[in-house]
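The values are calculated or read from the model by the stated rules, or taken from the named source; none is laboratory data. Given the structure is predicted, the values throughout are model-derived calculations rather than measurements. Here the Cβ positions follow ideal geometry from the backbone for every residue, glycine too, while neighbour counts run over all protein chains shown.
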């Protein structure tokens, strides 16, 4: 049977409390209380209080024996954060976050409890996901594209064989250059007349 106890809005950051909670996970209740008593941290006192509450719940509400109980889970969740501000240089202010946490302890009288997992310092290697195989339909589309390509090449060759069109393009470009030269000459003539009048 499982017995739960919670401590909400504890005035400690979850990061600091999680270290102590992980230490007692999977321990018998008597060993966990001894470990918390001799741990010189604020989190140990708060978690010890919650653990004693869970033991009292088990004895009074469920009529279980305290010596047979073990800590199945000891988890710490985030609570609301108090936001305060401190004056700083040049009239600015910096935020101070006073974090709170919720402590959850689950006791059980079952004998088999999975041992807590130890975290390794090395990150896990990610396995590469193999790419899905291409379907047969896209291959057929590629062959169609290859068949279309020779037709386009033939069109380009036909365009290259028509020298008359190329000569027409050259003639039109020469006419454009002549018109540009005439407009430049006309613009230059009035400017020269103005200079002579000024003298």
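Can we say residue 59 is over 28 Å from the mean Cα position of the chain (by Cα), closer than 22 Å to residue 17 by Cα and either assigned by TED's automatic domain parsing to the domain that holds residue 7 or part of a strand (DSSP E or B) (or both)? Reasoning before the result, please.
Details: over 28 Å from the mean Cα position of the chain (by Cα): yes; closer than 22 Å to residue 17 by Cα: no; either assigned by TED's automatic domain parsing to the domain that holds residue 7 or part of a strand (DSSP E or B) (or both): yes.
No, not satisfied.
Just to be sure, is residue 43 out of contact with any strand residue (DSSP E or B) (no Cβ under 7 Å at 6 or more places or on another chain) and either without any contact (Cβ under 8 Å) to a residue 60 or more places away in the chain or not assigned by TED's automatic domain parsing to the domain that holds residue 75 (or both)?
Values: out of contact with any strand residue (DSSP E or B) (no Cβ under 7 Å at 6 or more places or on another chain): yes; either without any contact (Cβ under 8 Å) to a residue 60 or more places away in the chain or not assigned by TED's automatic domain parsing to the domain that holds residue 75 (or both): yes.
So residue 43 passes the test.
Looking at this structure, is residue 12 farther than 26 Å from residue 109 by Cβ and part of a loop (DSSP other than H, G, I, E, B)?
Yes, satisfied.
Can residue 107 be described as in contact with a helix residue (DSSP H, G or I) (Cβ under 8 Å, 6 or more places away or on another chain), farther than 21 Å from residue 16 by Cβ and part of a strand (DSSP E or B)? Break it down into steps so the answer makes sense when it comes.
Numbers: in contact with a helix residue (DSSP H, G or I) (Cβ under 8 Å, 6 or more places away or on another chain): yes; farther than 21 Å from residue 16 by Cβ: yes; part of a strand (DSSP E or B): yes.
So residue 107 passes the test.
What number goes with the only condition from (1) surrounded by 19 or more Cβ atoms within 10 Å (Cβ to Cβ); (2) part of a loop (DSSP other than H, G, I, E, B) that residue 64 does not pass?
Against the list (1) surrounded by 19 or more Cβ atoms within 10 Å (Cβ to Cβ); (2) part of a loop (DSSP other than H, G, I, E, B), residue 64 comes up short only on (1).
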